[in-house]
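The values are calculated or read from the model by the stated rules, or taken from the named source; none is laboratory data. Being a predicted model, the structure only gives us computed values, none of them experimental. Positions of Cβ are backbone-derived with ideal geometry, glycine not excepted, and every protein chain shown enters the neighbour counts. Protein only, heavy atoms only, side chains kept; ligands, DNA and RNA dropped before computing areas. Shrake-Rupley method; radii C 1.70, N 1.55, O 1.52, S 1.80 Å.
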Amino acid sequence: VSAERIRNFSIIAHIDHGKSTLADRLLLTTGTVAERVMKQQFLDNMELERERGITIKLQAARMNYQAKDGEAYVLNLIDTPGHVDFSYEVSRSLAACEGALLVVDASQGVEAQTLANVYLALEHDLEIIPVLNKIDLPGAEPERVIEEIEQIIGLDCSNAILASAKEGIGIDEILEAIVQRVPPPSNTIDDPLRALIFDSYYDSYRGVIVYFRVMDGTVKKGDRVRLMASKKEYEIDELGVLSPNQKQVEELHAGEVGYLAAAIKAVADARVGDTITLAAKPAAQALPGYTEAKPMVFCGMFPTDSDEFENLRDALEKLRLNDAALQYEPETSSAMGFGFRCGFLGLLHMEIVQERLEREYDLDLVITAPSVVYKVVTNNGEEIYVDNPSKLPAPNERESIAEPYAQVEMITPESFVGTLMELCQNRRGIFKDMKYLTQGRTTLTYELPLAEVVTDFFDQMKSRSRGYASMEYHLIGYRENPLVRLDLMINGDPVDSLAMIVHRDKAYGVGRAMAEKLKELIPRHQFKVPIQAAIGSKVIASEHIPALRKDVLAKCYGGDISRKKKLLQKQAKGKKRMKAVGTVDVPQEAFMAVLKLD
Ligand code: GTP
């Protein structure tokens, strides 16, 4: 296909505003997928994604469309993940497009994440087509939402499309608008090959399957290609398009979107954002915008049963084949034994990995509370990064300590502004800005320490706003603060996996609350268990769990064996998610206690 007949676009939408439904409609209307096949959803195919109702990994679909001007066009839809943790991937898939549909639920309005992605699209000079979805709903107010889009984004909405993905309204208009308004890719077929990787996944038979957009030149099956960032070379075994199933082709030209397989062993070897070029005739310069995913949130993962350590290592290795952003290294904890310190892009990424380890690999894990990465200057002037609170150098060994800050943007109905401000204030937030939009909706901007954002901020925001507020955050750099390490001691021993870094002014409150929470969460034992919180050698809070009075077996009067067995089994079950810390069994929830203090 010649470049003039190609349109590459993506869909920007907030969760639940109808992106998948609209994508399905486009595939149906263009005859790319038959109705009966549609049921097994193409664009959201991971079980986990569907269950959580979010799209994590992006993919692509190629559609043939006969436009009203009589010409046949190829429309490539490049999907984007909807969550802030994956904003780098979003930016790469937008870089592979010339246009984007901005889909907004006409009964709701613009949400924070949508806003962030629209700004990304504008940075890449994408043509944006506003689509007001769900106009079939009685509560739809397209005029109000249009006003809101114009007000917040400053986007001209005079030619916004009113649609219902569910009822099939406005779909032809959307297809025509893509052809008429999205510019075709520039025709650089004679330049050296440059193709942008916007997604990849690991396939156990063919190796990594790489999704890319050819920006310049031509790529053919059998070509020897070089990845400009990883500097690795491969021979293309398989080249194809996504229609939306993989269909092999012999070659792809500038402007086209496709996939390749080349016996690549792990996604880390073909990272999102890397440039594919020809080994024999490489491009002078890689495409701009490549960065390596950097983990922002860390936690410890320990198997409840220490015999499972090797299995955990194998599982992490397998996940890593498919997840270039996942980091891990062995960690030895005096309290928990052998495990791994793992790094993630954000909290959602962390939850996804944890769930997969437990579900797909059937591992029982004890996971420690999330931590951010601190920048510490030691006494001898060395700058180090600390991702594990228990590794923080003692006060007399460090000059300064700085923590990462994020700018958080929230969009909320006006009535929740007070409670959200209170939340931000409690989390050491610095107020930056507040703007009133249409109909009592408000944007609220704060600067917050990332550590305060990763500990349950999102859930708190959702519950305080009864689900109505949305948020987005991005990092704005490190700031020095008077931070201290808070140690928790159980039965007299400091538990390294419970150590945390907190602001000096909050240390007493957090210490007391933690001691109380642990008292609540740790079951009674045959002996009294003291719990203490300390800063350095100074104990700031102290509680104890009274000893258990009765032996469970005492009830059985030594008689009925099967009943005894049952009771023991019951006890064993309750123990499943416990970790023995010295002689004390500590349940998983205790390690997450810090998330439950508010
Ligand atoms: P994620 O995949 O979670 O990002 O959500 P999404 O944006 O893809 O939304 P999805 O297409 O899954 O739609 C969310 C809900 O809205 C579903 O229950 C759809 O049936 C419904 N929905 C989508 N479009 C319309 C529409 O035009 N009208 C009505 N009434 N409902 C719609």
(request) Straight distance only, please: which aspartates and glutamates reach the Cα of K596 with their own Cα at less than 14 Å, same-chain residues fewer than 8 apart left out? (result) E452, D456, D459, E516, E520
(request) Would you check segment 106-241 for Lys pairs whose C-alpha atoms are within less than 29 Å, ignoring same-chain pairs closer than 8 in sequence, and give me the count? (result) 5
(request) For n ≥ 4 DSSP H runs only, could you compute -39500 (n - 2.57) per run for the chain, divide by its residues and tell me the 222 nm figure to the nearest 500? (result) -7500 deg cm²/dmol
(request) Rounded to whole Hz and in sequence order, give me ³J(HN,Hα) for segment 439-447 from the Karplus expression 6.51 cos²θ - 1.76 cosθ + 1.60, θ = phi - 60°, writing x for Gly and Pro. (result) 6, x, 8, 9, 9, 10, 10, 9, 9
(message) Suppose we keep just the DSSP beta bridges with both residues in segment 95-195; what percent of those would be antiparallel, to 5?
(response) 10 percent
(message) I'd like the distance separating the alpha-carbon centroids of segment 218-255 and segment 140-200, in whole Å.
(response) 27 Å
(message) Over segment 239-325, what portion of Cα pair distances is larger than 19 Å, expressed as a whole percent?
(response) 61 percent
(request) Please list the non-local residues whose amide H lies under 5 Å from the amide H of A279, H modeled 1.01 Å from N, same-chain partners needing a gap of 5 or more. (result) R224, V225, R226
(request) Only bridges with both residues in the chain count here: give the DSSP antiparallel percent, nearest 5. (result) 85 percent
(message) At a 10 angstrom cut-off on C-beta neighbours, averaged per residue, how do the peptides 202-209, 405-412, 250-257 rank from highest to lowest?
(response) 405-412, 250-257, 202-209
(message) Given 25 °C and 0.890 mPa s, compute D for segment 423-480 with the Stokes-Einstein relation, Rh being the Kirkwood radius over Cα pairs; round to the nearest whole µm²/s.
(response) 197 µm²/s
(message) Ratio of alpha-carbon Rg to the 2.2 N^0.38 Å globular estimate for segment 312-464, to two decimals, please.
(response) 1.28
(request) Using packing as a proxy for protection, rank 19-32, 285-298 so that the peptide with the highest average count of other Cβ atoms within 10 Å comes first. (result) 19-32, 285-298
(request) Could you list, in their original order, any pairs among K265/K318; K391/K538; K318/K579; K375/K432 whose Cα atoms are separated by more than 21 Å? (result) K318/K579; K375/K432
(request) Give me the percent of the accessible area of the chain that comes from carbon and sulfur atoms, probe 1.4 Å, all protein chains in place. (result) 48 percent
(message) Taking just the alpha carbons, could you work out the radius of gyration and Dmax for segment 171-286, both in angstroms?
(response) 14.5, 45
(request) Rounded to the nearest Å, what's the spacing between the alpha carbon centres of segment 261-308 and segment 432-461? Just the number, please. (result) 32 Å
(message) For the ranges 161-171, 433-443, what's the packing order if you count other beta-carbon atoms within 10 Å of each residue, average per peptide, and put the highest first?
(response) 161-171, 433-443
(message) Averaging over every viewing direction, what projected area does the convex hull of the Cα atoms of segment 357-440 cover, in nm²?
(response) 9.9 nm²
(request) Obtain the nm distance between the two label points defined at F338 and V249 by a simple spin-label model: each point lies 7 Å from its Cα along the Cα-to-C-beta direction. (result) 5.0 nm
(message) Using only the alpha-carbon atoms, what does the chain span along each of its principal axes? Please give whole angstrom values in decreasing order.
(response) 86, 64, 56
(message) Give me Rg/Rg_expected for segment 95-154, where Rg uses Cα atoms only and Rg_expected = 2.2 N^0.38 Å with N residues.
(response) 1.13
(message) Could you work out how much longer the chain between E238 and F431 gets when fully extended? Use 0.36 nm per residue separation minus the Cα distance between them, nm to one decimal.
(response) 64.2 nm
(message) Between R549 and K166, what is the label-point separation in nm under the 7 Å Cα-to-beta-carbon projection?
(response) 5.7 nm
(message) Considering all projection directions equally, how large on average is the shadow of the alpha-carbon convex hull of segment 290-330, in square nanometres?
(response) 3.4 nm²
